[in-house]
1. Counting only residues that are part of a strand (DSSP E or B) and in contact (Cβ under 8 Å) with a residue 40 or more places away in the chain, which one in the stretch 123-154 is farthest from residue 632 (Cα to Cα)?
2. Please work out if residue 434 is within 30 Å of residue 666 (Cα to Cα) and not in a helix (DSSP H, G or I).
3. Go through the stretch 248-262 and give me each residue that's in contact with a strand residue (DSSP E or B) (Cβ under 6 Å, 6 or more places away or on another chain) and surrounded by fewer than 13 Cβ atoms within 10 Å (Cβ to Cβ).
4. Restricting attention to the stretch 138-160, does a residue exist that is within 20 Å of residue 223 (Cβ to Cβ) and in contact with a helix residue (DSSP H, G or I) (Cβ under 9 Å, 6 or more places away or on another chain)?
5. Can you list the strands (runs of 3 or more DSSP E) found entirely within the stretch 182-242 that contain at least 3 residues being surrounded by 20 or more Cβ atoms within 10 Å (Cβ to Cβ) and touching a strand residue (DSSP E or B) at 6+ places or on another chain (Cβ under 9 Å)?
6. Among the numbered criteria (1) farther than 30 Å from residue 415 by Cα; (2) in contact with a strand residue (DSSP E or B) (Cβ under 6 Å, 6 or more places away or on another chain); (3) surrounded by 20 or more Cβ atoms within 10 Å (Cβ to Cβ), which one does residue 293 miss?
7. Run down 599, 585 and say which single residue is outside any helix (DSSP H, G or I), farther than 21 Å from residue 455 by Cα and under 22 Å from the mean Cα position of the chain (by Cα).
8. For the stretch 617-653, which positions are closer than 22 Å to residue 458 by Cβ and touching a strand residue (DSSP E or B) at 6+ places or on another chain (Cβ under 6 Å)?
């Protein structure tokens, strides 16, 4: 065992945590050199895959404009440029273009670039935005005068969420502490000298603070939230120096969020059940005793969110594992659903910046339908397709088939699986398969389209998503059954799905590749220990594999807050349970599958040393001769390369690794 409770001295790879030690960087570069040498024969194939994927993308493209406060906002891309250009036009789409931010110019000279916040003041004159140049998700907030194009002197480090007040000059923003926890809210007056006013400081290490604005623009919200508990304060946006009031004081495991409409707040709350209900409360006195139920709690339907407009609201729900949108008319009280045509899909609200409108914008995609933007008239109940993302090269969705399966876990629970393949499918185990999953934080795994994935499907692959417990596909109970002292359900669900897909002839163990990232990388590490013979290849991206050591160290980003997801190893029961599945702890002297493990040196969510230590321990313990590669992006963070062309090259590398391990090279 590598970790004795509270004692890291027995971890023989602990030295890898010292990021400033030249030996650490040298070690990672040596692993990179080995990976590149192994993959060098595949470089022509990588080039083929890259050209193939690039050839499906409309490089010079335009997003669907959305209207906000008299302007139409959109982004566009240009062939050969890594990042979008953010633009707007005043009053009409025929007006002259105004570039608000050229991300290519901001990224010039930097190997990594990411845009965080992008929020325009109510009068359209000022843009508050934040950027990260390392991948560590440490954002610098700046303000641009959109009239003159001048970047103002304001420069705020470690900035998080932000919101303008209605006076067009006051900016509320959060900042992070040393553990990257947003813990303070400040009020800043653009152009003013002196220190900003500290509005709020959160001292509980389990809680993070966020600033936001109601859709009506009439209120600013300050949200303090842990993984299980919420507390919301509100302030009229026209009174930025006013007194903040609380909707409902924090109460353990009570989660809620708030929207505003006229003289009332709409509140989504789990006070009557894990799947949430909807209530309203008067703005003048929103205490819990004044809450009136609008939509009751339902055991089989998860209320995920709410979009509020002048005459309507839209319930964002999840039923039978699939997204559902229900439109309610505030004047007449009638409710109806927006219809979706496929058995497995994703649907999300789009850019709905306007409050006074009867049009609700949403996006829709599936495993065979590219991302599509619709405007839905909430009065006429008509959806209008504004744009389906082009897939160049003659993509014909009729050549592909998607379906949704329900497969049985060891305890009898039915696990949803989304699956896609070319229509000519032989259920004889001969097809290669890429199976992926996540299963943490209550996040549903999106059933989305990928033009890159066609490079696998067109080579005979079946692609499948296992919607395992720990995710949110079937509401909060689905999450609860795969976290804390029930985390092993996530892994046994995934194993059961793989076994069923093999038994039903979709693939075979010799043709099965599994992939997961971050908490999905934990899933990959756990199943590699539990059932290494079940799969041929494992691809783990920024994998959270050193669970016990990371959860013991509250100085690391995310750790303390995530005790409510994984457990706290300072509690013996939690520690003993973590020992049963922690991938790093459970590496043994036995055979493991072929593996590609990827990480980033500047990752702030899963520190690079977790996958580096994991690979080092595997090298020292595994008894097979199977290939094991560690590939570290020395210039990026949790999401890998930031530029779109660099990202495609990373995908081409991954695909070439997968395909050549199955002797597919063309």
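The values are calculated or read from the model by the stated rules, or taken from the named source; none is laboratory data. Predicted model, so just to flag it, every value in this text is computed and none were measured. Methodologically, a virtual Cβ is constructed for each residue, glycine included, from the backbone with ideal geometry; neighbour enumeration extends over all protein chains shown.
1. Among them, the one singled out is 126.
2. Here the answer is yes, as residue 434 does meet what is asked.
3. Once the filter is applied, which keeps residues that are in contact with a strand residue (DSSP E or B) (Cβ under 6 Å, 6 or more places away or on another chain) and surrounded by fewer than 13 Cβ atoms within 10 Å (Cβ to Cβ), the stretch 248-262 yields nothing.
4. No - not one qualifying residue is present in the stretch 138-160.
5. 182-189, 208-213, 219-225, 230-236
6. (3)
7. 599
8. Across the stretch 617-653, the qualifying residue is only 650.
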